[in-house]
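A short write-up of the structure that comes next.
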2 protein chains.
Amino acid sequence: MTRLWNDPASFADDVVDGFVRANGRWVRRVPGGVSRSTRSAEPEVAVVIGGGSGHYPAFGGLVGPGLAHGAAMGQLFASPSAQQVESVVRASEQGRGVLLTFGNYAGDVLHFGAAQEAVRKDGIDCRTVLVTDDIFSAPPAEQHRRRGIAGDLTVFKTAGAAAAAGYGVDDVERVARAANARTRTMGVAFSGCTLPGAETPLFTVPEGRMAIGLGIHGEPGIELTDIPSAAGLAELFIRYLLGAAELPDGITARGARVVPVLNGLGSVKSEELFVVFSRVAELLEDAGVELVDPQVGEFCTSFDMAGVSLTLFWLDEELERLWLAPADTPAFRTGAVDVASLQPVTDDGGGARPAEDDALPESSEDSRRAAARIAAALEAMRLAIDDEAAELGRIDAIAGDGDHGIGMQRGTAAAAAVASSLAARGAGAQTLLERAGDAWSNRGGGTSGAIWGLILRTLGEHLGDAEHATGALVAAGLAAAKDAVTAYGKASVGDKTLVDSLVPFADTLAARVAAGDGLADAWREAAEAATAAAEATANLLPGMGRARTHGEKSLGVPDPGAVSLALIARRVHAVLDTAAAATA
Amino acid sequence: MTRLWNDPASFADDVVDGFVRANGRWVRRVPGGVSRSTRSAEPEVAVVIGGGSGHYPAFGGLVGPGLAHGAAMGQLFASPSAQQVESVVRASEQGRGVLLTFGNYAGDVLHFGAAQEAVRKDGIDCRTVLVTDDIFSAPPAEQHRRRGIAGDLTVFKTAGAAAAAGYGVDDVERVARAANARTRTMGVAFSGCTLPGAETPLFTVPEGRMAIGLGIHGEPGIELTDIPSAAGLAELFIRYLLGAAELPDGITARGARVVPVLNGLGSVKSEELFVVFSRVAELLEDAGVELVDPQVGEFCTSFDMAGVSLTLFWLDEELERLWLAPADTPAFRTGAVDVASLQPVTDDGGGARPAEDDALPESSEDSRRAAARIAAALEAMRLAIDDEAAELGRIDAIAGDGDHGIGMQRGTAAAAAVASSLAARGAGAQTLLERAGDAWSNRGGGTSGAIWGLILRTLGEHLGDAEHATGALVAAGLAAAKDAVTAYGKASVGDKTLVDSLVPFADTLAARVAAGDGLADAWREAAEAATAAAEATANLLPGMGRARTHGEKSLGVPDPGAVSLALIARRVHAVLDTAAAATA
């Protein structure tokens, strides 16, 4: 239970503020998160990590010599935006390339991916390695689809040590991939968690029961059981993690060297962890596994969730050397870092891209008129989401983390506010859409923030600040947005995502406009197609790295992202219809 | 809430086992707790800390180079026994003297005090510095009576650093005293905690309320309020801790250098702590205080209690240097410890006193007969406590930590079992009483374990293994036990402790025996005097370092220790009476 906060809306920001005030020895605040406050004598490949807040010490607590160079820190349980990631990358990179590494969640994949594209345009050699250690989030044959949980630590630590050892970006990436391939985690939970200011828990576990495989944002687990004894839990962990299906390629348990990481998810006590670890160690030793540098504590939490995970990191010679190398961060310290050789970094985010010029680019009267209509449409979108936010949260909680409604509310509110202000100041359509899109992805966070930011920005690029915003231009812009979203999100039609309604929407709109319909009429047809497609997602199982093995729970329930898009499309049609009637 | 354990009775032992398995790099298990697993090249003064379990990382988590040399670890929330402390001291000392330092609780004072006496007999120069940082446990003028809470860390750390720097025992003691004099802590709590296997919480805080000054074992606080915002809590902390009454002698806030330690008591999340710390740092800076090396995390917990404390450690030049010196322990690491210079210690407690010879000393038939009767008396004592354990716990919870009934049950059960076995094997009275007393203090733990262990051992010394156990000898032995208890416990009649019934009991017994009464008759009179005195403690306020400022809560309720003694005295009279009738 969370009791201490000021304003729930500013909670994540307030956390970063206090975190940096307490840990200035290691980190400085930069737009979007934190970056190291010192630099080693020789430039290093920059390892940039990140994700939603609420998982401390992931992610800011793992920044410092020998570990990460920067952490992008999003809202609670929501991915940082592409802009935030990009800012942290620019503040952290030292001219030798960048490794982005983070847990495999759709929102993070989108935002870190967009940031990677952006910095690559400036010639920065940027790579990505996803952490995929959660054994219950996809079958063994599909390790690449699994989510990342406490195994983050082994990947971050070895990549950071490789960077500190002077490895080039190819080798830092290789080490991170090897570490991820040799890391497996199994988690259980006894309770959900409640975010600041929330009246109800984000998710729950029935009293006295244990959810096996429950995700760190409440993604459904595979099974509910009674709570075993501490020794019984240790036996369960080891039965799964030493099972043949979960041994990394070419490994046999006997004689292998392993780092065990027993992680508390939030409100499980250290004392309980030690009692569990006692039996874990015995069982591993019985199996002939050699324990190296065991870790028992909190490494990736889920706010105040009561739960435990066990990670096994199967070493080879290089990974063991890198794991044991010195590191000195707010939350993870080992060995003797040569502090005297470090140089202070005093700028507070000077490495980040300068704040966008607040002056408005020139625009035509036509474009300003279109911009005003778009602002009205964004306000309609905000109202559409407000009306349905609770229901969107409810259906999202069935297969996801239940924050879709809240995230869409934050995003549409921010976008509508920015748009209203820019329209009043005379911005053109492109400027208004790009800045509204940035506001949406920054404030909305998560997957939906990333996607909607991308849709708005792509549409803006097509409309420009001077052109006359014809139906054909709008349809072409939304077709391009569709392509951009499917490319970034790596989701296809049928994966039970927003793509399921976005594709028929954009395709229908383009077809009807090409057939000669006016925008308002074409849009009505497109919105109807999107609505039908969104409803049909109730018959689908989720894909795209989400909880495939538990997808049956969401059968009969439509995808919240697809539903949002349909709701928005219908409400925007009303705006277009009114506008068409007024000009008729 | 605790969910993970095997057997609640072995929980504290299981914790130590898992803790040592995970942290063998720093600690090895020795009887009674842990000691460092490495030794520095040059011998050091040994800093030995300790207390009850359930406060991780206090105390075992703070053992390692640059910090403590050993930690005595008792049962949950119960002091380690004198034997446990002594064992850890012997395993940790390196020929340069020993500093015992621990929080000021009656049970710890007794047990560490007895251990100090024991090792001094062997020429070990052993000193004690009590930690007394909890500002709400006694008024400012009585700092020496205050309890020790999270401020433990500053005293332990600077003393450990002084030892590592080669200071002699005089100077290590001086540093610890100076650090304690400059450390102040204020705590608040939002919930109680529940120990493994317990059906009800050990103590509670009403839902939605905050208890100011609640102790880490549930000792009553000064006030209940609504839960403030995070900033509001920071303001409350600073208002008290920068108040004139709490500034150490000769200190003004402006320009002072301070280490702030913001400590989570168990289930408060790191994120919440950072939000509180953000405002704490602002307020300290506004007051002109310079922050040095802030600490935000868990340093002294109260199991799964939801609560927060803020410690301010007011530095001088020497203390700052010692605070910042390198340290490397399971839970507290700072700076670069020269690991290469450390030598492994491989014996597992060889430094501890060898296990007592299991062979029985010779004894007379008279003494064996007395021993059999004493074993029967101990069994009667066990039953007397079993019958009243719940009520003893209830009255203890009003001004204390509510574990008196449980501790007495553990202690009498262990003593009765040992006595029964030894009587069957033909032990004399002294051997039986000494070993039963050791079992009582080891298993019972806490203050009551220490006192009853002392009573049994002292009586045993008087009875011997050969003498005829006359009434005069028993009365003399119990008079000596009374003196020993008052000397160790530093309590006087009227402090609302067991002494209040022990003194009239022993005095009446001695007087009646001197007047010519038989033992059974004299004992009846003594038991009646003890009962009347125990009942009269309901009219007293507690003393002896206990919550003096909150003593009014216990007005009308007798002292549980005094009541236990009276219950035991009455039940033993029945045994004596039966024996007298049988021999009459």
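The values are calculated or read from the model by the stated rules, or taken from the named source; none is laboratory data. Everything quoted here is computed from the prediction, not taken from an experiment. With ideal geometry, Cβ positions are generated from the backbone for all residues, glycine too; neighbour counts draw on all protein chains shown. For the accessible areas, the whole protein counts, side chains as well, though only heavy atoms, and no ligand, DNA or RNA atoms are used. Shrake-Rupley method; radii C 1.70, N 1.55, O 1.52, S 1.80 Å.
Annotations for the structure displayed:
- Separation of segment B:153-202 and segment A:271-297, taken as the distance between their Cα centroids, equals 29 angstrom.
- Student exercise, the protein assembly as shown dipole from Lys, Arg, Asp, Glu Cβ charges, in Debye to nearest 20: 400
- Of the accessible area of segment A:8-328, computed with a 1.4 Å probe over protein heavy atoms only, carbon and sulfur atoms account for 49 percent.
- Prolate/oblate/rounded label for segment A:8-328 (Cα gyration tensor, a/c 1.5): oblate
- Dipole axis of chain A (+1 Lys, Arg; -1 Asp, Glu on Cβ), positive-most option in A:A514, A:F136, A:L241: A:L241
- Partner chain coverage, peptide B:4-13 - average Cβ within 10 angstrom: 5
- Per residue, the average separation of C-alpha pairs within less than 8 Å and at least 6 apart gives segment A:8-328 a relative contact order of 17 percent.
- Close amide H pairs (under 5 Å, H built 1.01 Å from N) link A:S364 with A:A466, residues at least 5 positions away or on another chain.
- Taken over the C-alpha atoms, the protein assembly as shown has Rg and Dmax values of 33.8, 124 angstrom.
- Accessible surface area normalised per residue over segment B:8-327 is 28 Å², counting heavy atoms of protein chains with a 1.4 Å rolling probe.
- Averaged over the residues of B:48-61, the number of partner chain Cβ atoms lying within 10 Å of the residue Cβ comes to 1.
- B:T225 label point (Cα plus 7 Å toward Cβ) to equivalent points in the other copies: 4.7 nm, shortest first.
- Ratio Rg/Rh, restricted to segment A:365-583 and using Cα atoms, in which Rh is the Kirkwood radius: 0.96
- In this label model, A:T204 and A:D170 are separated by 5.6 nm, measuring between points 7 Å along each Cα→Cβ vector.
- Here is how far apart the A:E318 label points are across copies: 5.2 nm, shortest first, using a point 7 Å from Cα toward Cβ.
- Remark: segment A:37-44, residue by residue, has Karplus-estimated 3J(HN,Hα) of 8, 10, 10, 6, 4, 9, x, 10 Hz, where x stands for each Gly or Pro and the curve is 6.51 cos²θ - 1.76 cosθ + 1.60 at θ = phi - 60°.
- B:D559 accessible area, assembled protein chains, probe 1.4 Å, Å²: 10
- Segment B:210-227 - phi-based ³J(HN,Hα) in whole Hz, Karplus 6.51/-1.76/1.60, Gly and Pro as x: 10, 9, 8, x, 4, x, 6, 10, x, 4, x, x, 9, 6, 10, 9, 5, 6
- Protein-only accessible surface order, largest first, of A:T128, A:T154 at 1.4 Å: A:T128, A:T154
- Chain A packed on chain B takes about 4600 Å² of accessible surface away from a 1.4 Å probe, both sides summed.
- Extension gain, A:E365 to A:E535: 0.36 nm times the residue separation minus the Cα-Cα distance gives 57.2 nm.
- For A:L100, the residues whose amide H sits under 5 Å from its own are A:V48, A:R127, A:T128, A:V129, ignoring neighbours fewer than 5 places away on the same chain, with H placed 1.01 Å from N.
- Counting lysine pairs in chain B that sit 8 or more residues apart in sequence, or on different chains, and whose Cα atoms lie under 30 Å apart gives 10.
- Peptide ranges B:244-254, B:91-101, B:476-486 listed from the most packed, as the mean C-beta count within 10 angstrom indicates: B:91-101, B:476-486, B:244-254
- Computed over the alpha-carbon pairs of chain A, the distance histogram in 10 Å steps reads 4, 18, 28, 25, 16, 7, 2, 0, 0 percent, short to long.
- With 0.36 nm allotted per residue and the present C-alpha distance subtracted, the A:I212-A:A9 stretch has 69.9 nm of extension available.
- Segment B:1-132 shape via C-alpha gyration tensor axes, a/c threshold 1.5: oblate
- Accessible surface of segment B:365-583 [probe 1.4 Å, protein heavy atoms]: carbon and sulfur percent: 55
- Averaged over peptide B:258-270, the number of partner chain Cβ atoms lying within 10 Å of each residue's Cβ comes to 4.
- Cα-derived Rg over Rh, computed across segment B:155-278 with Rh taken as Kirkwood radius: 1.03
- Each copy carries a label point for B:L360 at 7 Å from Cα toward Cβ; from one copy, the others' points are 10.1 nm away, ordered from shortest.
- Percent RCO, i.e. relative contact order, over chain B, from Cα pairs under 8 Å lying at least 6 residues apart: 14
- Each Lys and Arg Cβ is given +1 and each Asp and Glu Cβ -1; about its Cα centre, chain A then shows a dipole of about 240 debye.
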